[in-house]
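Scroll down for the structure; my scribbles are underneath it.
Quick note: the coordinates plus some simple rules give every number you see, no bench work behind them. This is a predicted model, so every value here is computed, not measured. A quick note on method: Cβ atoms are made from the backbone with ideal geometry, for glycine too, and the neighbour counts reach across all protein chains shown.
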Amino acid sequence: MIDTGKAFCAANKQFMNGIRDLAQYSNKDLLVETSLTKFSDNLQEMISYHTTLFDQTQRSIKAQLQTFVKEDIRKFKDAKKQFEKVSEEKENALAKNAQVQRNKQHEVEEATNILTATRKCFRHIALDYVLQINVLQSKRRSEILKSMLSFMSAHLTFFHQGYDLFSELKPYMNDLGAQLDRLGVDAAKEKRDMEQKHSTIQQKQDFSSDDTKLEYNVDAANGIVMEGYLFKRASNAFKTWNRRWFSIQNNQLVYQKKFKDNPTVVVEDLRLCTVKHCEDIERRFCFEVVSPTKSCMLQADSEKLRQAWIKAVQTSIATAYREKGDESEKLEKKSSSPSTGSLESGSEPKEKLLKGESALQQVQCIAGNITCCDCGLADPRWASINLGITLCIECSGIHRSLGVHFSKVRSLTLDTWEPELLKLMCELGNGVINRIYEAKVERMGVKKPQPGSQRQEKEAYIRAKYVERKFVERQPASVSPPEPGPKVLPLSQEEKRLSGTEKSPLAARSSDSGIQRSADDSREHLASTLSTNSLCEPEGEKRDPPVPRDSTQLRPGLQLYRAAYKKNLPDMAEALAHGAEVNWVNAEENKATPLIQAVLGGSLVTCEFLLQNGANVNHRDVKGRGPLHHATVLGHTGQVCLFLKRGANQHAADEDGKDPLSIAVEAANADIVTLLRLARMNEEMRESEGLFGQPGDETYQDIFRDFSQMASNNPEKLNRFQQSDSQKS
Amino acid sequence: MRGKDDEYDYLFKVVLIGDSGVGKSNLLSRFTRNEFNLESKSTIGVEFATRSIQVDSKTVKAQIWDTAGQERYRAITSAYYRGAVGALVVYDIAKYLTYENAERWLKELQDHADANIVIMLVGNKSDLRHLRAVPTDEAKSFAEKNGLSFIETSALDSTNVETAFHSILAEIHRIVSQRQITGQQEPEFGSSTVIDPIKVLPTHQEGKQTPCCQNI
C-alpha cells in the first residue's frame with residue numbers, strides 16, 4: 001500500500017509539473033498563468049502533505065508491527081522451545097518410571113524422585129508458557145490498536161492540513177469562478193460577433209469568392225498603398241516562382257520572404273517604372289514591372305487581383321509624380337514612421353540601397369544645405385556631386401549647362417546614391433563651398449541672386465562663381481579659419497609615413513627637400529607655419545617653404561596633394577577653387593598624385609571626391625604604381641572596390657612587374673583578391689557577351705555593392721587584414 | 001571579336017566548395033585546362049575558370065567558381081553562392097574529417113544558395129586507394145539520404161572528372177530547359193503546353209534535388 005502511495009505521489013508530481021509547464025506556456029495570458037501557478041503551488045503542498053502521511057504510516061504501522069513481530073514473537077518462541085524440551089524430559093521420566101522393576105527397590109525410588117522433579121519442573125514451565133501466551137495475546141491487541149490509532153491520526157492531520165490549505169484557497173477559487181463566468185460570457189459574445197461577421201463576409205463573397213483585398217489606398221497613413229501575396233519569378237536560371245508578401249510603400253515596390261524579414265526592394269522608385277500585362281507566358285494572371293535596371297515578373301492569384309495590382313502601381317506612379325513637389329515632407333515623415341522604419345534598419349544590405357528620401361534627408365542636414373547653394377531657394381532637391389552642394393531645380397539646370405567638368409548634377413530624390421557619394425556630400429555642403437566660392441562677393445559688391453531672380457541673372461552669377469571663379473579669394477582666403485589641431489597631427493603622421501613605411505630612399509629624400517629650410521625648427525612649429533602659410537598669409541608666397549619659387553600653379557596643386565593625404569575635404573575643395581590641377585604630379589615624391597596621397601591617407605571619401613573632380617584613376621607614380629596598386633599594398637579594400645568601379649586598370653604592372661592581383665595574392669588578402677578576380681571575370685564576360693542574360697554581371701554588381709556598403713557603413717569589417725599587414729611591415 | 005568558343009546557349013554558374021586541401025582547384029584545372037599540380041597553393045579568395053561543353057546539342061558554358069576552403073582565405077561575402085545553379089561539395093576520400101564537414105558545407109548552401117541548386121557530392125583523390133578512409137558505400141548512402149548525386153574522382157589521374165562536371169551540367173540543363181519559360185527569347189506558343197514547373201523526383205528528404213547516383 002505504501003509503495004502504491006508513493007507511486008501515486010510521483011504521478012501526482014508529474015501532473016503538477018504538467019500544470020506548471022502549461023502555466024509557463026500560457027504566460028501571455030496573465031489570468032491563466034497566475035491561477036494555474038497558484039493551483040499548482042497548492043497541489044504541490046498537498047503532495048508534500050501526502051508524502052508525510054505515507055511516511056507516518058510507514059513508521060506507525062510497519063515499524064511498530066515489525067518490532068512486535070521480531071521481539072515479542074521471538075521471546076514467545078523461546079518460551080515455547082523451553083516448554084517443549086521440559087515436556088519431553090517429563091515424558092522420558094515417565095517412561096523410565098514405568099520400566100523400573102518391582103524387585104529393585106532402590107531404582108524404584110530413584111525413578112519416582114526423578115519423575116516428581118521433572119513433573120514439578122514441567123508444571124512450572126507450563127505455567128510460564130501459558131503466561132507468555134497470555135501476555136503476547138494482550139500485547140498484540142494493544143500494539144495493533146496503537147499503530148492503527150497513530151495511522152488514523154496521521155490521516156486526520158493530513159486531511160486537516162488539506163482543509164486549511166483549501167479553505168485559504170477558497171476565496172481565490174470563488175473569484176476565479178466569477179471571472180470564468182465573465183470570460184464565458186465574453187467568449188460567447190465574441191463568438192456571436194465573429195459568426196455575424198463571418199456570415200456578412202460570406203454574403204459579400206457570394207459574388208466573387210476569391211477576392212481577398214482589392215482596395216488600394218494612395219493616402220494610407222502608414223504609407224502602404226497596397227500589399228498582398230504575389231508569386232515572383234526568380235531571376236536566376238531556374239526561374240523558380242516563389243510566393244512573397246509584396247507591398248507598395250513610399251514609391252517603392254518591396255517584398256518580404258517571411259513576415260518578420262526585412263523587406264527587399266524590387267523597385268527603388270516607381271516613377272522610373274512601367275507596369276504591363278504579360279500574356280505570353282504560360283502562367284495566368286502575370287504582370288511585369290519594368291525598371292531601368294531590371295524587370296520583375298509577378299503573378300497574382302486572380303485576374304481581379306492582377307488588375308488591382310497593376311492599377312495600384314500605376315496610381316502610385318502618378319501620385320509619386322504629383323507628390324514630387326510639395327508633398328515630399330509628408331513622405332519623409334512617412335518613411336520614418338514605425339511601420340516602414342524597418343526599411344532603414346534593414347540587416348539585409350544586399351538589396352537595400354539608400355532610398356531617395358533618406359539621401360535627401362541626410363544631405364539636407366548639412367550646414368547650409370537646406371537652401372539652394374546659388375539662389376537660396378528652400379528645399380533644394382538636386383545636387384552637384386563634384387562640388388558637394390545642393391541646388392534648386394532651376395540652378396541645377398544651369399549647372400548642367402556648364403558641362404560635367406565644372407559640375408555634375410544628380411537628383412537627391414530620383415537617383416540612386418552610392419554610399420561613398422553620399423558621404424562625400426555630407427563632408428562638404430553649401431556652407432563650406434560658399435565660404436570658398438563666395439569669399440569676395442560682399443567686398444566686390446556683387447548681388448547674389450534671390451529665389452525669384454531671373455534665370456539670366458542666376459546664370460551669369462553661377463558662371464562667374466564656378467567657371468570664372470571670380471569671387472574666390474585670389475590669395476588663400478583669410479576668412480576661412482584654419483584648424484590648427486587636425487593639421488598638426490596629419491603632418492607628423494605624414495612624416496612618419498615618409499620615413500617609415502615608404503622604404504625607398506627617394507621618398508625619404510623628397511620629404512627632406514620638401515621641407516628642407518625648416519629642418520631645424522621643431523616639428524610642431526613647422527606644421528603651424530605650413531598651415532598658416534598656405535591659408536592666411538597674403539605675402540606667404542615668398543616664404544612658403546615647401547614650394548619652389550615661381551610656380552603659381554604648383555601651390556594649389558601641393559595644397560590639394562597634402563590635403564588629400566590629411567583627408568581634409570574643405571581644404572581640397574579650396575585648392576581646386578584656386579585652380580589646383582587635380583592630377584597634379586609631385587615630382588619630388590615619386591611623381592605621386594593627390595589621388596595616390598588620398599589612398600595613402602586611407603580615406604574613401606577623399607578618393608571619391610578626387611575621382612568626381614576628374615582625377616585619373618590610372619595615373620601611376622615613378623615606380624609604376626597607380627592608386628589601385630597602393631590601395632592593394634595597404635590593404636584598403638574599400639578603395640580597391642571604388643577604383644574598380646571607376647574603371648581602374650588592374651593589368652598594369654609596377655616596376656617589379658607586379659600587378660595588383662599578384663600583390664594581393666602575396667599578401668593573402670582574400671577580399672581584395674576576390675574583388676580583383678571578380679572584376680577580371682566580369683571584363684572577360686563582357687567581352688564575350690552571351691546570348692542570354694549575364695548572371696556573372698549581376699553577381700558582380702551584388703558583390704561590389706556589398707563591399708561598397710561595408711566600406712562606407714562598417715569599415716571595421718573590412719579591416720581584418722590590416723592587422724597582419726602592420727605586423728609584417 | 002567573338003570567337004567560336006564564346007558562343008553558348010546557356011551559362012551556368014557552378015561553385016566548388018569543401019574543406020581546404022581536398023583538391024578543388026585541381027579539379028577545376030583538370031576540367032578546364034587539363035592540368036594538375038601536385039604542389040598547388042591554397043586558393044585565396046576565389047578563382048574562376050570557364051569551359052563550354054555540349055549537352056543535348058546545346059552549348060553550355062560553365063562558369064566555375066573555385067572558392068577558398070580555408071576560412072581565413074575566404075572573402076566576407078555570401079555572394080559566392082549568388083546566382084549559382086550548381087555546387088560540387090568536395091571531400092578527400094583519404095581524410096574522414098573532410099567528409100564529415102561536407103554536412104557543414106551543405107548547410108552553407110542551404111543558407112545562401114538558391115533552394116533549387118543542384119548539388120553533387122564529390123569524393124576526390126580516389127587514386128589514394130591504400131589510404132582510403134571514407135568507404136564509398138557510406139558516402140553514397142549519405143548522398144542518397146540528402147538527395148545529392150555522388151561520384152568519386154581523381155584530379156590526379158583524371159578519373160571521373162569529366163563525368164562529374166558533365167553530369168551536373170546536364171542535370172542543371174535538364175531542370176532549366178524543362179522550366180524554361182517564354183519571355184526570355186521568343187514567346188513561342190508551343191512551349192506554353194508546359195504548365196507547371198517540373199516535378200522534381202521524390203527524394204527521401206525535402207524533395208529538393210533529384211538523386212541520380214553515379215556508378216563508380
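What is the range A:224-323's relative contact order, in percent, from Cα pairs under 8 angstrom and six or more apart in sequence? Please report the intermediate quantities before stating the final value.
On the way: 184 pairs, mean separation 23.4, N = 100.
Averaging sequence separation for qualifying contacts and normalising by length gives 23 percent for the range A:224-323.
Using only atoms on other chains, find how many Cβ atoms lie within 10 Å of each Cβ of peptide B:41-52 and report the average. Write out the running numbers ahead of the final one.
Numbers: counts 2, 1, 3, 13, 14, 8, 4, 8, 1, 5, 0, 0.
Mean partner shielding for this stretch: 5.
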Exercise for the section: Rank-order A:279-288, A:120-129 by packing density, defined as the average count of other C-beta atoms within 10 Å over each peptide's residues, highest first. Expected result: A:279-288, A:120-129
Completion exercise
Taking A:389-400, A:360-371 and ranking on average Cβ neighbours within 10 Å, highest first, one gets A:389-400, A:360-371
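Cα gyration tensor of the range B:10-182, axes a ≥ b ≥ c as square roots of the eigenvalues: rounded (a/c below 1.5), prolate (a/b > b/c) or oblate?
On the way: a/c = 1.34, a/b = 1.32, b/c = 1.02.
Rounded is the answer for the range B:10-182, as its axis ratio a/c remains below 1.5.
Taking every residue in B:69-76, how many Cβ atoms of other protein chains lie within 10 Å of its Cβ, on average?
Mean shielding count: 5.
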Problem - Average projected area [Cα convex hull, the range A:1-65], square nanometres - result: 4.0
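Out of the range A:1-64, which trypsin sites (Lys or Arg not before Pro) are coil in DSSP terms and have no more than 14 other C-beta atoms within 10 Å?
Sites meeting the loop and neighbour criteria: A:LYS28.
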Problem - Gyration tensor (alpha-carbon) shape descriptor, the range A:224-323, a/c threshold 1.5 - result: rounded
Practice task
Compute log10 of I(q)/I(0) for the range A:2-200 with the Debye formula, placing one identical point scatterer on every Cα and leaving out solvent, at q = 0.11, 0.16 Å⁻¹, to two decimals.
Solution key: -0.79, -1.08
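Sorted by mean Cβ packing within 10 Å, highest first, what order do the peptides A:699-711, A:675-687, A:96-108, B:29-41 take? Can you show the working numbers first?
Working: A:699-711: 21.2, A:675-687: 19.2, A:96-108: 11.5, B:29-41: 13.6.
Highest to lowest by the protection proxy: A:699-711, A:675-687, B:29-41, A:96-108.
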Handout entry: Set A:LYS566/A:LYS658; A:LYS232/A:LYS311; B:LYS13/B:LYS58; A:LYS294/A:LYS645; A:LYS423/A:LYS717; A:LYS75/A:LYS139 screened for pairs whose C-alpha atoms are more than 23 Å apart
Key = A:LYS566/A:LYS658
